[in-house]
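Trainee: Just dropping this structure here.
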Amino acid sequence: MANIPATHSYQNPLGTLAPRVRFAPSPTGYLHVGGARTALFNWLYARHFGGKLVLRIEDTDAQRSTEEMVEGILQGMRWLGLDWDEGPYFQSKRLEMYQDAAARLLQTGHAYYCFCAKEELEKRRAIATAEGRAPKYEGTCRKIPQEEAARRRAAGETAVLRFAVPQSGSTGFDDAVFGRVEFSNSELEDFVLLRSDGGPTYHLSVVTDDVDMKISHVVRGADHISNTPKQVLLYQAMSAPLPVFAHVPLILGPDKTRLSKRHGATSVMAYREEGIVPEGFRNFLALLGWTPAEGTPEVMGDAELIRLFGLEGISRSNAVFDRAKLDWFNTEYIRNYPAEKLLPLIKEEWEKAGLKPQAADHSDDWLLAAINLLKTRARSLKDFAHSFRAYFTDDFSADPAAVAKFLKDETLFPQLAELAELYALSPEFTEASAEKILRDFAAGKNLKAGTLINASRVALTGQGVAPSLFAVMVLLGKTRTVDRLKTAGSLAGRAPA
Ligand code: GLU
């Protein structure tokens, strides 16, 4: 076990030294933000304690399970850099195991066949709801003697298999986040284990797998708390030790309702499309429901997250997905990334935007210098293909607001053209010489240097804000600087000077 802060307690009911955790998504076609956060917490926990992360696809609902549906999940995990140690296992390939487990539960008297017709059950549920009672299977078939049930089954009568929940007492567990959680057994209904087609339900497959895969810690969304007592009963019926359960708080939108499409993208890959860097997203996700020790800076790379993560820091209160915070993380990560690391990510953005830096005069060294100049101003990787477009191609247009603010006055165009001539004639072209030329020119013309600087900035970059103008000039080079100053009028949508 590597470098565990003293505050991190570790218990493993299975007795193994390192934890075995799992991420068990349904194949929904994409990795949901909530799922990604669950995957991340499991990954951090496994990495912190040198354990194993098992990836299991819960695809017993065969209609939904296609290769693309699974691929969408894997893609999201790969983008976030969440590698798994085992799997993916597919529940659809393990059906026999669930059926065997069900048969054992039947044998040991923990389960029984239920022949009640679906329509009849629905009717009774509707009545219960109408009368203000929680709908619950009334246990009609529990009274059928086993031999009779076996006979009816053998005669081909369809049935589901239900778990026989104890009729008194309570079932509970010690949740690593929520503490002791207890449900009265009278609140739990005799839940279905096998459907009439023989397919397992979620409760049966999840517990059979978690037992078989020796999962020591079940870290998952708090929406599963109410499922847990049923699963605890299954562990007990299977004589298997309970894992540690750690339910992590839900992620809400800013309006405090559960995060959904109404709040923006819920698919992790949509954030990649928006120009978010994966480590920034990971850092942001880690803090949705987990707080490290006081005084820890919010920006934490992988190693730091792994070192600090523990179940103790997981909060019980729901987390709010704050988009502005995500953008802040993204800005921090882009600013601190070496340009070499940004370049391949930015190249993807150029490709998406159909932007091709002029290969002949934009060597990788030049691109790296440009990225270094710009990265402190980027909010997203997309900026490099959009608001920073003029740095990488001559095919750009000007931001109309910047033109309206700084290039409105037509008398500026001949001035800029004259200034361009001075640059063209100057043998030296450094930040200092470029600045001196502009300031001397402004003084000679009785113009404000600031007015010329602002106008030149728009002429050179199409934008009203940019890094230091003279650094931009040197980066673009003399030829581009001269050309763009000369053609400022047409950039501003005026007739050429
Ligand atoms: N397939 C379940 C889900 O996606 C996993 C539940 C669990 O982790 O036990 O919610």
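Trainee: I'd like the FRET efficiency for Ser9 and Phe90, computed as 1/(1 + (r/R0)^6) with the beta carbon distance as r and R0 of 30 Å, rounded to 0.05.
Mentor: 0.30
Trainee: Averaged over all directions, how much area does the convex hull of the C-alpha atoms of the range 224-299 cover when projected, in nm²?
Mentor: Over every viewing direction, the Cα hull of the range 224-299 projects on average to 7.8 nm².
Trainee: For the range 444-488, state the average projected area of the convex hull of the C-alpha atoms over all orientations, rounded to one decimal in nm².
Mentor: With the hull built on Cα positions only, its mean projection is 3.2 nm².
Trainee: Where does the range 214-265 land on Rg(C-alpha)/(2.2 N^0.38 Å)?
Mentor: Values: Rg = 15.0 Å, N = 52, 2.2 N^0.38 = 9.9 Å.
Compactness ratio reported: 1.52.
Trainee: How big, on average over all directions, is the shadow cast by the Cα convex hull of the range 403-474, in nm²? If you can, show how the numbers build up before the last one.
Mentor: Working: hull surface 17.4 nm².
Mean projected area for the range 403-474: 4.4 nm², to one decimal.
Trainee: What accessible area per residue, rounded to a whole number of Å², is obtained for the range 1-141 using a probe radius of 1.4 Å? It would help to have the intermediate numbers written out before the result.
Mentor: Working: 7090 Å² over 141 residues.
With the other protein chains kept in place, the range 1-141 gives 50 Å² per residue.
Trainee: Same structure again: Considering only protein heavy atoms and a 1.4 Å probe, what is the carbon-and-sulfur percentage of the accessible area of the range 282-374? Write down the numbers at each step before the final one.
Mentor: Numbers: 2350 of 4400 Å².
Answer for the range 282-374 is 53 percent, counting heavy atoms of protein chains only.
Trainee: Still on this structure: Could you compute the net charge surrounding Asp190? Neighbours are other residues with a C-beta less than 13 Å from the C-beta of Asp190; K and R count +1, D and E count -1. Provide the component values of the computation, followed by the final result.
Mentor: Working: positive: Lys136, Arg142, Lys143, Arg162, Lys230; negative: Glu138, Glu187, Glu189.
Around Asp190, the surrounding residues sum to +2.
Trainee: Give me the Debye-computed log₁₀ of I(q)/I(0) at q = 0.07 Å⁻¹ for the chain, equal point scatterers on Cα only, no solvent, two decimals.
Mentor: Computed log10 I(q)/I(0) values: -0.55.
Trainee: Sticking with this structure for a sec: Dividing the convex hull volume of the alpha carbon atoms of the range 286-422 by its residue count, what do you get in Å³ per residue? Don't skip to the answer; put the middle values down first.
Mentor: Numbers: hull volume 24.4 nm³, N = 137.
Per-residue hull volume (Cα only) is 178 Å³.
Trainee: While we're here: List the cysteines of the chain that have no other Cys Cβ closer than 4.7 Å: which are they?
Mentor: Those would be Cys116, since no other cysteine Cβ in the chain comes under 4.7 Å of theirs.
Trainee: Right, something else. Report, as a whole number in µm² per second, the diffusion coefficient that Stokes-Einstein gives for the range 97-205 at 20 °C and 1.002 mPa s using the Kirkwood radius over alpha carbon pairs. Working shown, then result.
Mentor: Numbers: Rh = 15.3 Å.
Roughly 140 µm²/s, to the nearest whole number.
Trainee: A follow-up question, please. Once neighbouring chains are kept in place and the probe is 1.4 Å, which whole percent of the accessible area of the range 147-268 is contributed by carbon and sulfur?
Mentor: Values: 2520 of 4990 Å².
The C+S portion of the solvent-accessible surface of the range 147-268 is 51 percent.
Trainee: Amide H to amide H, which residues 5 or more places from Thr266 or on other chains are under 5 Å from it, using H placed in the peptide plane?
Mentor: none
Trainee: Based on the alpha carbons, how large is the Rg to Rh ratio for the range 151-291 when Rh follows Kirkwood?
Mentor: Rg/Rh: 1.07.
Trainee: Also, quick follow-up: Please list, ordered by chain and number, the residues whose modelled amide H lies under 5 Å from the amide H of Ile57; skip anything fewer than 5 residues away on the same chain.
Mentor: Amide H neighbours of Ile57: Tyr89, Phe90, Gln91.
Trainee: Along Cα→Cβ, 7 Å out, is where each label goes; now give me the distance between the ones at Ser239 and Ser397 in nm to one decimal.
Mentor: Each label point lies 7 Å from its Cα, and together they span 7.6 nm.
Trainee: Whole number in Å², please: accessible area per residue of the range 405-451, 1.4 Å probe, ligands, DNA and RNA not counted.
Mentor: The answer is 60 Å² per residue.
Trainee: Here's another thing I want to ask about it. So what is the accessible area of the range 190-328 per residue, in Å², with the probe set to 1.4 Å?
Mentor: 38 Å²
Trainee: Here's another thing I want to ask about it. Taking H placed 1.01 Å from N in the peptide plane, check which residues at least 5 places from Val248 or on another chain put their amide H under 5 Å from its amide H.
Mentor: For Val248, the qualifying residues are Arg220, Gly221, Ala222.
Trainee: Then there is this: Rounded to the nearest 500 deg cm²/dmol, what is the calculated helix-only ellipticity per residue at 222 nm for the chain, with -39500 (n - 2.57) per DSSP H run of length n ≥ 4?
Mentor: The per-residue figure over the chain is -13500 deg cm²/dmol.
The values are calculated or read from the model by the stated rules, or taken from the named source; none is laboratory data. Note that the structure is a prediction, hence the values are computed from the model and not measured. Don't worry about glycine lacking a Cβ; one is built from the backbone with ideal geometry, like all the others, and counts go over all protein chains shown. Ligands, DNA and RNA are excluded from the accessible area calculation, which covers all protein heavy atoms including side chains. Shrake-Rupley method; radii C 1.70, N 1.55, O 1.52, S 1.80 Å.
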